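The values are calculated or read from the model by the stated rules, or taken from the named source; none is laboratory data. Computed from a predicted structure; not experimentally measured. Methodologically, a virtual Cβ is constructed for each residue, glycine included, from the backbone with ideal geometry; neighbour enumeration extends over all protein chains shown. Heavy atoms of the whole protein, side chains included, go into the accessibility calculation; ligands, DNA and RNA do not. Shrake-Rupley method; radii C 1.70, N 1.55, O 1.52, S 1.80 Å.
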Amino acid sequence: MLPELIYEKDDRYPPLLREMSSPPTKLYILGDNHALSSVGIAIVGTRKASPRGREIAKRFAKDIAKVGFVVVSGLAEGVDTAAHEGAIEAGGKTIAVLGTAIDSIYPKENKNLANRIIEDWGVVISEYGPGEETSKESFVLRNRIISGLSLAVVVIEAPETSGALATARFAGEQ
């Protein structure tokens, strides 16, 4: 499946991202781009989540999805995975924001989850096109998009130097 490309000036570009100080100039999208115009709530946290942390993330996501919000997260292991799964289990929509190229799902273990999201439950997006090189910094930049798509950010189990807290800082600035 080829990704759809949406530029910042496009009518389909997520309205909340336009309000950011440094929005991505373009987004590569796989799945239902209508999810991008819905109201999002981000759920983020550590990749090394405890069983209790994963359970809380999944429950929050289910509750958020059941009342009609889109669950936004980063498709990482741990809390992010649980959040996407909770939204799907509730029959809601979810947005997975990648810190890698759109054709490079990371972690590879979440390829099936990404496919489920693309097929039925929302959208997978990235500001990096097919084959583009990314770095560790790309994941921090990804966090500004997660917060930019969301009216609120829920942080579950995050160490002091985590990307989840970076997402919360971006949300505060936005």
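Return the carbon/sulfur percentage of the accessible area of the chain, one whole number, probe 1.4 Å, all protein chains in place. Could the numbers behind the result be given before it?
Working: 4340 of 8460 Å².
Answer for the chain is 51 percent, counting heavy atoms of protein chains only.
About the Cα centre of the chain, how large is the charge dipole given +1 on each Lys and Arg Cβ and -1 on each Asp and Glu Cβ? Please answer in debye to the nearest 20.
That gives a dipole near 420 debye.
Accessible area per residue for the stretch 56-109 in Å², computed with a 1.4 Å probe and the full protein assembly in place, what is it? Each step should come with its number before you reach the end.
Values: 1940 Å² over 54 residues.
So the stretch 56-109 comes to 36 Å² accessible per residue, rounded to a whole number.
How would the chain be classified by its alpha-carbon gyration tensor: rounded, prolate or oblate, with rounded meaning a/c under 1.5 and the a/b versus b/c comparison settling the rest? Before the final figure, lay out the partial values.
Details: a/c = 1.29, a/b = 1.22, b/c = 1.06.
Judged from the Cα gyration tensor, the chain comes out rounded (a/c under 1.5).
Among the lysines in the chain, how many pairs, 8 or more places apart or on different chains, have alpha carbons under 19 Å apart?
Qualifying lysine pairs in the chain: 12.
Is the shape of the stretch 1-65 rounded, prolate or oblate, going by the alpha carbon gyration tensor and its root eigenvalues a ≥ b ≥ c, with a/c under 1.5 for rounded and a/b larger than b/c for prolate? All intermediate terms of the calculation are to be shown ahead of the outcome.
Values: a/c = 2.26, a/b = 2.08, b/c = 1.09.
The shape class here is prolate.
Around residue 124, what is the net charge, scoring Lys/Arg as +1 and Asp/Glu as -1 over all other residues with Cβ under 13 Å from its Cβ? Each step should come with its number before you reach the end.
Numbers: positive: 93, 111, 116, 142; negative: 4, 32, 80, 103, 119, 120, 127.
So the environment of residue 124 carries a net charge of -3.
Compute the distance in nm between two label points, each set 7 Å from the Cα along the Cα-to-Cβ direction, one at residue 5 and one at residue 109.
For the pair residue 5/residue 109, the computed spacing is 3.4 nm.
So what is the 222 nm mean residue ellipticity for the chain from helices alone, if each DSSP H run of at least 4 adds -39500 (n - 2.57) and you divide by all residues, rounding to the nearest 500 deg cm²/dmol?
Roughly -10500 deg cm²/dmol at 222 nm, from the helical runs in the chain.
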